[in-house]
Amino acid sequence: MIPTLLTMLPADDSTWITFDIPSLMQNFWSATFDGLTFGSIYALVALGYTLVYGVLNLINFAHSEVFIMGCYGVFFTLSYLGFGPSAPNLSVGAIIANLLLALVVAICASALTAFLLERLAYRPLRKRNAPRLVFLITAIGASFTIQYTIFAVRGPNPEPALTMFKSNPIFEVFGTFIYDQQLIIVIAAVIMMVITERFISKSRTGRGIRAVAQDPDTATLMGVNKEKIIITTFVIGGILAGAAALFYVMKIPSGVQYNGGFILGIKAFAAAVLGGIGNVRGALLGGLLLGLIGNYGQILLGNSQWTDVVAFLVLVLVLLVRPEGILGTSLGRSKA
Amino acid sequence: MSMVDGPTPLHTAKADQAAEDRGAVGTPPGSSAAARRSGWFGGLGEKWQALPRQKQWLFLILVVILAYLLPIINPPLISTEPGNDFPLACQTMAVWALVAVGLNIVIGYAGLLDLGYIAFFAVGSYVTAMLTSPDSTFLKIPYLWTIPVAMAVTMFFGVLLGVPTLRLRGDYLAIVTLGFGEIVRILATIIPALKGQVGFQNIGHPPGTDASGIPIFSNSNGTPWYWLTLTILIIVLLLAGNLERSRVGRNWIAIREDEDAAETMGVPTFKYKVWAFAIGAGVGGLSGALMSGQVGFVSNAKFDVVTSILFVAAVVLGGAGNKVGAILGGALVAYIPLRFTSIAEYKYLIFGLVLVVVMIYRSHGLLAARQQLLAYGQKAYAAVKASSDAKAAKAKTGPGKEAAS
């Protein structure tokens, strides 16, 4: 029966996937730079997943909503400040000041969401010593609740686009222009991630986070305030997600939508797994790699929807071949 | 928890003690703190257990008859609002109940969180659509034959997705299935043969026409479809019940309670997880085939991941691990937006909130799962104990002075 079915395959079925290699060769460098830009945004969001996973062993599904709340923070601040679909005529200093204000609001919105999420949804479960499945389902429910609260308030359509500044090419590498926007996003993201990495490996709180990740009970016995560490971890994840939100709106001006964080969340999680979940450097590496792979895949296969499929396939392949990720899972064990 | 302290309370095999044990045992993994509280339906299970077998059967038959008559009676308060045809609503509820029963095998029995169950539902729908709709160029087979084909194909997909991911920790499975659910929808958009938003029309239906020549199983006539789905639901329930009580079901529950312990005790965990996944997927495909047959139209728009989360909400709300709970949950999640159309727009918000609240305050759902094996084990143990006690008492005190224990 199966051979019969196969011979009955429609004739146009052979063309649903095409590999456009010349196009990839032509656009290789622009795809690379764009991929790195997206990758740094993924990496910032992925850090939130990685930190919470390292400390609580929980996939915080609602982290994508922490991120999208930051996007709304950016949107409301900038539209209040008079930004619109076309880039405003402002001096460089004024633009920077406005963007910094939007960044602060986004960080506050995301961190507050993360804080409330931990307090209202996860802490009651920890008190009851609930099993993992219950945590996961709660995370899903919380994600859904936030998503559709936004839906109820703002409706199904994306918010109008906001352009922060006109992106100009700065210099040329390999015959491809690099835009100031790309440079700002990548550099800012890398700086934030380096600060986070330093904070976790050097500061007293960071040591607490690593201790709780390694062994919560022993950490408590050694005088670490576990609850405080957990809430701090959530807030750090929220801060990074807020920063990612600013860059995301900068890159995709019309991306503010009630469910806009969903796919990005899955991709960021895939990035975290790719680099090694629970590993701060792994999140950066995984994010950048996933950004590149997604962009190459999209150009090679010629449809933007393929990015998601490619990201998902990468996740499955990584889980198959090296489930601990490229750099290994080691928030607790990294150079204690 | 009950694995460890199973036999201990049996010394005092009084009725109330045994009843309390059953209540406590019947909770999903580890929520022992919440378990002590008797919930909204706490006493129901005990009363049911206490009934004699004949009365249980009588009651069940009554419920089944009532279920069959539901679209004909069309009770005034329960009936859906004028815009929604009640027999069609019954069909939707039955399909959702079937979905919930299938997902309950994966989540409730084996403890695997499948967030992309909609993907299997979609695969089942598409198989039926492509094999019966005139819009596709595949070979055509009668509708009823597509149902087993749909089940087989979805089971294949279940194994395909399960084998790489089920070796890993459970929470990876959640995110991979979530991704898979989204990917199936995207692929339905990208691949031309699946016709994206255009979709497939005039999907087949079971044969038969009434006196005036109109097909009995037409798209707008919900009652025959409801009867068909209900019959299949009952068959699936019987099979699932047998599975639950079999070696397979015991292995699933062992995996759910503690995978490492199960593996150590010799349960081939991977194999049984794949089985749970595949069987669950098969039921998902079955319900997809039924749904697409009744609606008569399949396109990519119906299979978004949010619906998949509603499936999970149905299982969790009803009580993961409890078949009756799953039916109740599935029917409720389908029914509420149809009955109260004013809140239908907010159904995702409502059920998202329900998920969080249920998990925090009543993690075993409306109807808690009873671990019947353990309950039966205790009953058997109590019976043996009682008879041996009686014998011992007889031997000691002689006839005529039997001590009641």
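No value in this document is a laboratory result; all are computed from the given coordinates. Just so it is clear, the model here is predicted, and its values are computed rather than measured. Here the Cβ positions follow ideal geometry from the backbone for every residue, glycine too, while neighbour counts run over all protein chains shown.
Summary of values
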item: Estimated distance in nm for a label pair at A:ASN89 and B:ILE61, the labels positioned 7 Å out from Cα along Cα-to-Cβ; result: 8.7
item: Rounded FRET efficiency, nearest 0.05, which uses the C-beta distance separating A:ASN157 from A:LEU320 and R0 of 51 Å; result: 0.85
item: For region A:218-325: rounded, prolate or oblate by the Cα gyration tensor [a/c cutoff 1.5]; result: oblate
item: Lysine pair number, Cα distance threshold 19 Å (strictly under), region B:83-369, separation 8 or more or different chains; result: 4
item: Phi-based couplings in Hz for region B:289-299 (Karplus 6.51, -1.76, 1.60; Gly and Pro marked x); result: 4, 5, 4, 5, x, 5, 6, x, 8, 10, 9
item: Cα centroid of region A:45-71 to Cα centroid of region A:104-182, whole Å; result: 9
item: Spatial separation of Cα centroids for region B:191-250 and region B:308-351, in angstrom; result: 20
item: Dipole in debye (nearest 20) - chain A, about Cα centre, beta carbon charges: Lys, Arg +1; Asp, Glu -1; result: 1500
item: Label-point separation in nm, B:GLN49 to B:ILE141, each point 7 Å along Cα→Cβ; result: 4.5
item: Dipole in debye (nearest 20) - the protein assembly as shown, about Cα centre, beta carbon charges: Lys, Arg +1; Asp, Glu -1; result: 2460
item: Stokes-Einstein D for the protein assembly as shown, Kirkwood Rh over Cα pairs, 25 °C, 0.890 mPa s (µm²/s); result: 88
item: Cβ-derived FRET efficiency at R0 45 Å, B:THR341 paired with A:SER201, nearest 0.05; result: 0.20
item: Pairwise FRET efficiency - A:ASN225 versus A:VAL104, Cβ, R0 = 22 Å, nearest 0.05; result: 0.20
item: Whole-percent pair-distance distribution, where bins are 10 Å wide, for the alpha carbons of chain A; result: 6, 24, 32, 23, 11, 4, 1, 0
item: Residue-by-residue Karplus 3J(HN,Hα) for region A:136-151, coefficients 6.51, -1.76, 1.60, Hz, glycine and proline x; result: 4, 5, 4, 4, 4, x, 5, 4, 4, 4, 5, 4, 8, 5, 4, 4
item: Packing-based exposure ordering (other Cβ within 10 Å, fewest first) of B:PHE59, A:PHE38, A:PHE171, A:PHE151; result: A:PHE171, B:PHE59, A:PHE151, A:PHE38
item: Stokes-Einstein translational diffusion, region B:83-369 - Kirkwood Rh over all Cα pairs, 1.567 mPa s, 4 °C, in µm²/s; result: 68
item: Phi to ³J(HN,Hα) by Karplus 6.51 cos²θ - 1.76 cosθ + 1.60 over region A:267-283, Hz, x for Gly, Pro; result: 5, 5, 5, 4, 4, 4, 5, 4, x, x, 5, x, 10, 5, 5, x, 4
item: A:GLY328 long-range amide H proximity, modeled H, under 5 Å; result: none
item: Amide H within-cut-off set for A:TYR179, under 5 Å, with H built and near neighbours excluded; result: A:ILE170
